[in-house]
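The structure appears below as structure tokens.
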Amino acid sequence: RLVRQKLRDTTEELETLREDRLRDLGRRMLETFISKFMELLKGSIVPPASKFGEVLKDEHITGGAFVGPDGHPIPSYKYVENSDKRLYGIAQFNRLMSELRYVMGLNKVSDITREEIVNACGIDDVHDGVNYTRVACIVATSKARDAVEPYVHQLGFRSAHIAKRMLEIVYFMMKRDGVSLSGHGMFLKRVEKIFVDFVEQTERACREKCMEDLRSVTRYVTWSLHAKNREALRSMFFAVAQSHEISVGASGAGGKQRGAPGGPGGSPSKQDQLLELLEASIFTRRLTPITEEMVSSLVACVFGGIREYLAQAIELKFNCFFLMPFVDELPARLRTEIESAYDQHLEDVFDVAAVKRQLMAQRSRLENEVASVQRLRAKFETIYSTLQARYQPRTTPTAQGSLEKKFQRAGIDSHVSARTPFGANNRV
């Protein structure tokens, strides 16, 4: 009966294939797609990791890897958590964020050359001295921008790669729940195009927000933000001062030292040390070793502050402006664009001929199944007739009616009202 009912429904749907039925079919399939995608976002183990998961090494091959300043991929397989696990979806995205933190931590300021410091020395509008603090900020912001910007673009590309991989996983989950995707190629291509466009637009918008942070933090140095590690900076300056004190003490000829008048035992006084420091850092354009050390210390301090701030800001931006739109905006975007496509031209969304072919194939399959059931029923009737003719049992009307009911429940209708079944208590 169930097969006959399915056959009648398929025949009716084939004969009355209308626009409203196609719309309803598309809406049901779209809602199933959205529900499975949300299930995947929240976490699921339905898709097998052996088929859809990627270890970090495979992800570097298919989605790219973080590239260092030397142009070579940064080997991070051993130091990133779950690098050897086959992950997909949000778990794979979280592993990507862990790799970003590791790579950013490895990013140290490159060696500062004397040429860079000299070229960064400009001229003031009221004197010919050099502001070495400005020099350090120029060098640090330039190096930070060149070091961090490639990571932002690489992170965006890999995030989009992870998101696009989720599409085939959602299709697998739909098929697993019995949703037939055959015959709906045009509709699925339209959904896939909307999804891919949304991924790329979201990635571009998120990457632009990260670039705004990068431009702002390298445009103007705010010491409360850039110089967070004050203790490290103080230690650097203390080491510089000690080195400067030694050089001042040894600067005299024939045992005569410049700072002898102000200090006991001929050692330079604090006033002489301060004057020497001012002469080396303010009153002269001659680049001395102590000036190089001071500039290098300031550059390292500012570069470290920029790197730490951007590592946190970039991760926050991708969580808020890349992941969250899939939860807040994607479902509405899919529904709106699919309904708009319905209103423009339905045949651009559904291949009506393909839908008809699918229904005709389904009808043919059901007809074959009905014919198979009928052949099986005829075989049972033949066996029953043979047994009846051979044994001719004697039984009561009550037993006869009970056995006929059993055959009817088994799908074999009696076509002879006087047929007498063969009972277990019959005698030959």
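Only the coordinates and a few stated rules stand behind these numbers; no lab work does. Note that the structure is a prediction, hence the values are computed from the model and not measured. Using ideal geometry, Cβ is built from the backbone for each residue, glycine included, and neighbour counts are taken over all protein chains shown.
On the beta carbon distance between Arg365 and Tyr79, with R0 = 60 Å, the FRET formula returns roughly 0.65. The packing ranking of peptides 65-71, 171-177, highest mean first, is 171-177, 65-71, where packing means the average number of other beta carbon atoms within 10 angstrom of each residue.
With a/c under 1.5 counting as rounded, go ahead and sort segment 139-214 into rounded, prolate or oblate using the C-alpha gyration tensor (a ≥ b ≥ c being the square roots of the eigenvalues; past the cut-off, prolate if a/b is larger than b/c, else oblate). It is prolate, given that a/c is not under 1.5 and a/b is the larger ratio. If R0 is 51 Å, the Cβ-Cβ spacing of Glu200 and Thr382 corresponds to a FRET efficiency of close to 0.20.
For segment 25-122, GluC sites (Glu not before Pro) meeting the loop criterion (DSSP other than H, G, I, E, B) and having at most 16 other Cβ atoms within 10 Å: Glu81. Each principal axis of segment 94-143 carries a Cα extent, and these read 53, 19, 11 Å when sorted largest first. Along its three principal directions, the equivalent ellipsoid of segment 65-197 from the Cα gyration tensor extends over semi-axes of 49, 18, 10 Å, largest first.
In this structure, Asp146 and Trp223 have a Cβ-Cβ separation that, at R0 = 25 Å, corresponds to a calculated FRET efficiency of about 0.70. In terms of overall dimensions, segment 30-137 has a Cα radius of gyration and Dmax of 23.1, 72 angstrom. Under the classification rounded if a/c is under 1.5, otherwise prolate if a/b is larger than b/c and oblate if not, where does segment 69-120 fall, given a ≥ b ≥ c as square roots of the Cα gyration tensor eigenvalues? The shape class here is prolate. Dividing the mean sequence gap of close Cα pairs (under 8 Å, 6+ apart) by how many residues segment 37-188 holds gives a relative contact order of 29 percent. Full extension of the chain segment joining Ala49 with Ile61 gains 2.6 nm, where the gain is 0.36 nm per residue of separation less the Cα-Cα distance. Across the options Val67, Ala91, Met38, the greatest Cα extent toward the positive end of the charge dipole of segment 12-118 (unit charges at beta carbon of Lys, Arg, Asp, Glu) belongs to Ala91. Descending by average beta-carbon neighbour count within 10 Å, the peptides 101-114, 128-141 line up as 128-141, 101-114, the highest first.
Under the simplified labelling scheme, the Arg375-Asn319 pair shows an inter-label distance of 6.3 nm, with each label point 7 Å from Cα along Cα→Cβ. Calculate the length of the line joining the C-alpha centroid of segment 185-213 to that of segment 25-58, in whole Å. Computed from Cα coordinates, the inter-centre distance equals 17 Å. Measure off 7 Å from each Cα along the Cα-to-Cβ vector at Thr336 and Ala389, then give the distance between these two points in nanometres to one decimal. Result: 7.6 nm between the two label points.
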